[in-house]
Amino acid sequence: MIEQLKFDFPGHPSPVQPARGNACIGVVNSGNLEVLIESAALGGRCEVDVKTSANGFKSTWAAVLEDFFARNRFADIKISINDYGATPAIVSLRLDQAAAEIMEKEMR
């Protein structure tokens with residue numbers, strides 16, 4: 001059974017502006033996850049929606065996400081995560097990869 005979790009974080013008081021509108025990192029398969037991060041009009045807040053096959057780990061998700069937002073100056077960001085049993089270290093890695101990608105300008 002898939003567990004759906006929703007988290008809400010206050011945005012950073014002096015946020016950085018993403019160079020891109022969105023970024024998608026990772027794939028959903030055994031022991032991994034997919035992260036979609038996108039700019040959204042949320043009144044300065046940040047939202048995270050998690051769909052996970054590993055039930056009962058809400059406090060672990062909250063801790064990983066709190067660490068992510070403590071290290072990044074975001075506001076008006078929506079993150080969608082599709083998880084298939086990734087460890088907290090992999091979740092953190094994929095979040096950091098998505099954050100780095102949304103901040104990069106597209107090369108043409």
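Points to keep in mind about this one:
- Accessible surface, 1.4 Å probe, highest first, among residues Met1, Met103: Met1, Met103
- Of all accessible heavy-atom area on the chain, the percent that carbon and sulfur account for (1.4 Å): 52
- Rh (Kirkwood; distinct C-alpha pairs) - the chain, Å: 13.9
- In straight-distance terms, cross-link reach from Lys51 covers every one of the aspartates and glutamates whose alpha-carbon lies under 18 Å from its own, apart from those fewer than eight places away in the same chain; here that gives Glu3, Asp8, Glu34, Glu38, Glu66, Asp83.
- Per-residue ellipticity at 222 nm from helix content only, as computed over the chain with -39500 (n - 2.57) for each DSSP H run of at least four residues, stands at -9000 deg cm²/dmol.
The values are calculated or read from the model by the stated rules, or taken from the named source; none is laboratory data. These numbers come from a predicted model, not from an experiment. Just so you know, the surface numbers come from the protein's heavy atoms only, side chains and all, with ligands and any DNA or RNA stripped out. Shrake-Rupley method; radii C 1.70, N 1.55, O 1.52, S 1.80 Å.
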